[in-house]
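Reviewing the structure listed below.
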Amino acid sequence: MRATAWMGKDKVKVIDVPDPTILSPRDAIVRITTTAICGSDLHLYHGYIPAMRKGDILGHEFMGEVVEVGPQVRNLRPGDRVVVPFPIACGHCTSCQRGLYSVCENSNPNAGIAEKIMGHSPAGIFGYSHLLGGYAGGQAEYARVPFADVGPLKVPDEVPDEQAVMLADVFPTGYMGAEMCDIRPGHLVAVWGAGPVGLL
């Protein structure tokens, strides 16, 4: 398949890579129909995020069609349209049980390294360095989605990809920011930084 890969600081390239395969009973394979480039990808591009390796597949905002599921994924089936949230969450750890999926305790195999560098470890994230799990991202034709029984959200046919893909990162990030500000009816709100998250 073809994928956008990080080739070093300030360099990306579309390359041929092996198709992803099911590695765990809770995996799914998604054929990517829409992907996005996030402002956070600039941190990778410019070399500010450690633990990138030449050939790493980028992209943490994507959606598509399920083409294969592992035997423990019972909520999805081939043909389902899904949007895939960027944090990878197991659904069973203490953090996930509290709804804190972005700090899943089981999805980042490099949590110890992340904790030393960042002070804590976030969840594994698609296409965002080996510091956050080394998972291949969604700027590709296909993606392996770990814990597919937890993260992917089914998308109704009447919702176009261009709207649904916003649920992978940009919309929930903007929503969380607004929620953290405790905005109430009648409040006057100003947003500094008019990027997509600020606009949402």
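The values are calculated or read from the model by the stated rules, or taken from the named source; none is laboratory data. Bear in mind the structure is a predicted one, so any value in this text is a computation, not a measurement. Heads up, the Cβs are rebuilt from the backbone with ideal geometry, glycines too, and the neighbour counts pull from every protein chain shown. Just so you know, the surface numbers come from the protein's heavy atoms only, side chains and all, with ligands and any DNA or RNA stripped out. Shrake-Rupley method; radii C 1.70, N 1.55, O 1.52, S 1.80 Å.
Computed over the chain with a Gaussian network model linking Cα atoms closer than 10 Å, the most mobile of Asp149, Asp157, Asp80 is Asp157. What separates the Cα centres of region 102-156 and region 1-53 is a distance of 12 Å. For the chain, the relative contact order is 24 percent, taking Cα pairs closer than 8 Å that sit 6 or more residues apart in sequence and dividing their mean separation by the residue count.
Checking the a/c ratio against 1.5 first, then a/b against b/c, what shape does the Cα gyration tensor give for region 128-178? Verdict is oblate for region 128-178.
Sorted largest first by accessible area at a 1.4 angstrom probe radius, with every protein chain in place, the residues His130, His46, His92, His187 fall in the order His92, His187, His46, His130. Expressed per residue, the C-alpha convex hull volume of the chain stands at 136 Å³. The gain in end-to-end length when the Val159 to Leu199 segment is fully stretched comes to 12.4 nm, 0.36 nm per residue minus the alpha carbon separation.
Principal axis extents of the Cα atoms in region 81-145, from largest to smallest and rounded to whole angstrom, are 34, 25, 13. When the chain is treated as a GNM, springs tying every alpha-carbon pair under 10 Å, which of Ser24, Ser107, Ser129 comes out with the largest mean-square fluctuation? Most flexible of the set in this elastic network: Ser24. Roughly what % of DSSP beta bridges within region 45-153 run antiparallel, to the nearest 5? Of those bridges, close to 90 percent are antiparallel. A crude spin-label estimate for the pair Gln97 and Val191, with each label 7 Å from Cα along the Cβ direction, gives 3.7 nm. Non-local lysine pairs in the chain, meaning eight or more places apart or on different chains, with alpha-carbon distances under 30 Å, amount to 6. The largest-to-smallest principal axis extents of the Cα set in region 90-200 are 45, 38, 27 Å. Could you compute the FRET efficiency for Met1 and Arg184, with r as their C-beta to C-beta distance and R0 at 41 Å, rounded to 0.05? Given R0 = 41 Å and the Cβ-Cβ separation, E is 0.30. The share of accessible area on the chain that comes from carbon and sulfur is 57 percent, using a 1.4 angstrom probe. On a per residue basis, the chain carries 55 Å² of accessible surface, using protein heavy atoms and a 1.4 Å probe.
Mean-square fluctuations from a GNM of the chain, with a 10 angstrom spring cutoff on Cα atoms, peak among Val155, Val66, Val165 at Val155.
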